[in-house]
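Structure first, then comments.
Rule-based calculations on the coordinates, nothing more; no lab input. It should be emphasised that the depicted structure is a prediction, and the values quoted were computed from it without experimental measurement. In this analysis, Cβ positions are derived from the backbone assuming ideal geometry, glycine residues included, and neighbour counts consider all displayed protein chains.
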Amino acid sequence: MSTDNEDNIARVVANHGTELTLATDNGDRIVASPKKKLGLIVTGDLVQWHPEEHGNARVTGVLERHGTLARTDRLGAAKPIAANVSQLLAVTAPKPPFDTLLIDRYCIAAHNIGADLAVVINKEDLIDEHTAQQADDIEALYRKIGYQVVRCSVKQDHGLDNIRKILKDQVSILVGQSGVGKSSLLNALLPDEGIKTGPLSINSGLGRHTTTVTNWYDLPHSGAIIDSPGVRQFSLEHLAGVDIQAGFREISSLAAHCKFNDCSHVHEPSCAVLDALANNEISPQRYRHFRQLSDPGDSSDG
Ligand SMILES: Nc1nc2c(ncn2[C@@H]2O[C@H](COP(=O)(O)OP(=O)(O)OP(=O)(O)O)[C@@H](O)[C@H]2O)c(=O)[nH]1
Ligand SMILES: [Mg+2]
Ligand SMILES: [Zn+2]
């Protein structure tokens with residue numbers, strides 16, 4: 001893919017703030033600093049670079065991006081997390097507790113960048129009588145909407161083949177709360193990479209934000225997988241109401257049948273969404289999350 005010495009192309013495999021780690025086509029790793037005017041360059045970007053004196057390297061351009069996963073920054077604008085993503089793996093687990101609102105936020109994000117999404121229920125070995133029903137409900141709910149759902153236990157080496165199938169030919173990013181086992185899963189898939197994982201806090205039962213940098217790993221045959229730091233919240237305030245609704249597939253496909261074009265699906269007569277809710281055709285939980293995330297006053301994010 002490289003053109004000449006002045007204008008090489010490489011993949012950003014990590015962003016350390018002022019420095020980027022690039023991977024060239026022949027597998028070399030290069031540390032490079034970007035030119036200032038380029039804006040935020042993220043893991044997954046393809047960039048142009050050239051060598052400089054003293055073994056330094058300079059990134060001079062960014063190739064066109066597709067599938068840029070972003071969250072809202074403090075100023076309300078989109079802040080890219082990773083580029084050229086084709087699939088989100090929303091990882092969840094009984095410990096820290098399942099968070100379906102977070103999964104729904106990732107559904108919206110995936111839809112808006114044209115990426116697939118699969119739900120990964122990890123730590124099956126920890127599922128007890130209390131959490132078994134929750135796990136079954138999550139599996140049934142997201143399958144019904146049309147998402148792939150896989151259950152696994154990294155600890156027991158169970159279910160990983162199903163994950164390998166989902167990863168095929170995709171650029172997938174592992175997302176979810178801290179401590180659900182994103183890096184552990186990667187370690188199981190790519191044992192030679194020696195990826196760092198960390199225990200949950202004994203006091204809170206939450207993860208400790210072990211992964212701090214978003215990292216790109218090529219998969220042995222095709223595709224790649226990106227590990228990202230765990231989040232508490234995943235803010236989508238930079239998206240418009242229509243983008244939020246579009247991310248609730250089952251709701252947006254009903255919206256065409258509402259009497260009013262601008263139906264908010266809250267109080268209008270002849271609302272296909274409210275009818276479906278009354279008839280148990282859509283999940284009350286998803287409808288609640290739709291209302292919560294559509295509300296412009298939603299400021300529950302950090
Ligand atoms: N019991 C059990 N523990 C697991 C499983 N998978 C991961 N863990 C443990 O969960 C803890 C957190 O794992 P990590 O892989 O660091 O979690 P993470 O999602 O990458 O967390 P952050 O990097 O903080 O976002 C570690 O102690 C893992 O050993 C599993 O299937 N079962
Ligand atoms: Mg991690
Ligand atoms: Zn409606």
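Legend: calculated FRET efficiency, Arg291 to Lys196, from the Cβ-Cβ distance at R0 = 35 Å, rounded to 0.05, equals 0.35. For the chain, the longest principal axis of the Cα atoms and the long axis of helix 100-112 meet at an angle of about 60 degrees.
Could you compute how fast the chain diffuses translationally, taking Rh as the Kirkwood radius over C-alpha pairs and applying Stokes-Einstein at 4 °C with viscosity 1.567 mPa s? Give it in µm² per second.
Working: Rh = 20.6 Å.
For these conditions, the coefficient is 63 µm²/s.
In this Cβ point-charge picture (+1 for Lys and Arg, -1 for Asp and Glu), segment 241-294 has a dipole of about 140 debye about its Cα centre.
A simple rule links phi to the HN-Hα coupling: the Karplus curve 6.51 cos²θ - 1.76 cosθ + 1.60 with θ = phi - 60°, which for segment 180-197 gives 6, x, 4, 5, 4, 4, 4, 4, 5, 7, 10, x, 6, 7, x, 6, 6, 10 Hz, with x for Gly and Pro.
Looking at the chain, what % of its DSSP beta bridges pair antiparallel, to the nearest 5?
Numbers: 28 of 50 bridges.
Counting only bridges with both partners in the chain, antiparallel ones make up about 55 percent.
Cβ-to-Cβ counts within 10 Å put Leu101, Leu239 in ascending order as Leu101, Leu239, the fewest first. In this Cβ point-charge picture (+1 for Lys and Arg, -1 for Asp and Glu), the chain has a dipole of about 420 debye about its Cα centre. Computed from backbone phi with θ = phi - 60° and the Karplus coefficients 6.51, -1.76 and 1.60, the 3J(HN,Hα) list for segment 204-213 is 9, x, 9, x, 10, 6, 5, 7, 10, 10 Hz; x is used for glycine and proline. Rounded to the nearest whole Hz, the Karplus-based 3J(HN,Hα) values (6.51 cos²θ - 1.76 cosθ + 1.60, θ = phi - 60°) of segment 286-295 follow the sequence 5, 4, 4, 5, 4, 5, 4, 7, 7, 5, with x at glycine and proline.
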